[in-house]
Amino acid sequence: MKELQSKVAIVTGGGRGIGRAICLELARQGASLAIVDVNPDGAQSVASEVQSLGAKGMPIKADVSLFGEVRLMVEKVEEEFGNIDILVNNAGGRSKPIPRAPFWETTEEGWNSGIASTLSSVFFCCRAVIAGMMKRKQGRIVSISSIDGLVGSNGAIDYSAAKAGIFGFTMSLAKEMAPWGINVNCVSPGPIDTPGAAKNSAQKLDAYKEWTGLGRLGRSEEIADMVAFLVSARADFITGQNFPVCGLANLGAWRMR
């Protein structure tokens, strides 16, 4: 029996990178997946991969920085699959294509875009699914934060602030939801080998590798494994926690030469 057999999961930002890896791992464990992404082609591609694993996969185009679209997305999932058991808040970044800049050049629009896509989206998605979970007195919520929320970043202040906000949100929601049997946790990836990371220069990628104690980038599958554990029955006694998966980057590791 697969650990997540008959469970229904929503994964936001599921069309590529870490989100894709999470979708595929949850599918391997037997879950039915709603793959939510602003890029419909990415969502469809991952849905096809999920289906090839023998699981149900439903692609949904939605901008999770907009509460109206989130509500419609949840309604579609409930119509297709019924109850929602698992929510993985993976989407993040900026809701508009505004280049990041040093703080003194960051605009109000850039700040608001980053907060909306990375932090408000977590609130919107949780708010949209929580009533059903409370009614059934069960549910799992995992939000993908970042090591940048723990140690800060250089030139992405809205992103770091939003990711740090996810910690406080997670702890607070976990306390409120504990009486209803709903576990709420977050995972903080360090430097991960994703399509986005691959766009960096070789020099910057080497710096990311040196930032960890293991001398390499993490794999999306390593984040997916942690998420799959946290939404399983094996994690029944774990809630309100943050799990850095970062190869020691949260400790400011620098490889011994």
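Structure notes:
Conditions (1) buried (at least 24 other Cβ atoms within 10 Å of the Cβ); (2) within 14 Å of N90 (Cβ to Cβ); (3) touching a helix residue (DSSP H, G or I) at 6+ places or on another chain (Cβ under 6 Å); (4) at pLDDT below 95, marked per residue:
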residue	(1), (2), (3), (4)
M1	no, no, no, yes
V11	yes, yes, yes, no
C23	yes, yes, yes, no
R28	no, no, no, no
A55	no, no, yes, no
I60	no, yes, yes, no
L66	no, no, no, no
R71	no, no, yes, no
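- Selection from the stretch 104-137 of residues that are in contact with a Gly (Cβ under 7 Å, 6 or more places away or on another chain) and outside any helix (DSSP H, G or I): K137
- Some residue of the stretch 121-129 being in contact (Cβ under 8 Å) with a residue 40 or more places away in the chain, crowded, with 17+ Cβ neighbours inside 10 Å, among the charged types (D, E, K, R) and under 28 Å from V245 (Cα atoms): no
- Criterion: surrounded by 15 or more Cβ atoms within 10 Å (Cβ to Cβ), part of a helix (DSSP H, G or I) and not polar (S, T, N, Q) - qualifying residue of A207, A174, A198, A178: A174
- Applying the criterion of being among the polar types (S, T, N, Q) and either modelled with pLDDT of 95 or more or under 16 Å from V122 (Cα atoms) (or both) to the residues of the stretch 170-206, the residue that is farthest from the chain's Cα centre (by Cα) is S172.
- K7 being touching a helix residue (DSSP H, G or I) at 6+ places or on another chain (Cβ under 9 Å) and surrounded by fewer than 20 Cβ atoms within 10 Å (Cβ to Cβ): no
- Candidates G190, G218, G213: the one that is among the small types (G, A, S), crowded, with 21+ Cβ neighbours inside 10 Å, out of contact with any helix residue (DSSP H, G or I) (no Cβ under 6 Å at 6 or more places or on another chain) and at negative phi is G218.
- Of all residues in the stretch 130-154 being of a type in the set (D, E, K, R) and closer than 21 Å to Q241 by Cβ, the one that is surrounded by the fewest Cβ atoms within 10 Å (Cβ to Cβ): K137
- Every condition in (1) in a strand (DSSP E or B); (2) basic (K, R); (3) in contact with a Phe, Trp or Tyr (Cβ under 8 Å, 6 or more places away or on another chain) is met by R140 except one, and the failing one is (3).
- Subset of the stretch 227-240 that is touching a residue at least 60 places away in the same chain (Cβ under 8 Å) and assigned to a loop (DSSP other than H, G, I, E, B) - its residue that is farthest from G30 (Cα to Cα): G240
The values are calculated or read from the model by the stated rules, or taken from the named source; none is laboratory data. Just so it is clear, the model here is predicted, and its values are computed rather than measured. Positions of Cβ are backbone-derived with ideal geometry, glycine not excepted, and every protein chain shown enters the neighbour counts.
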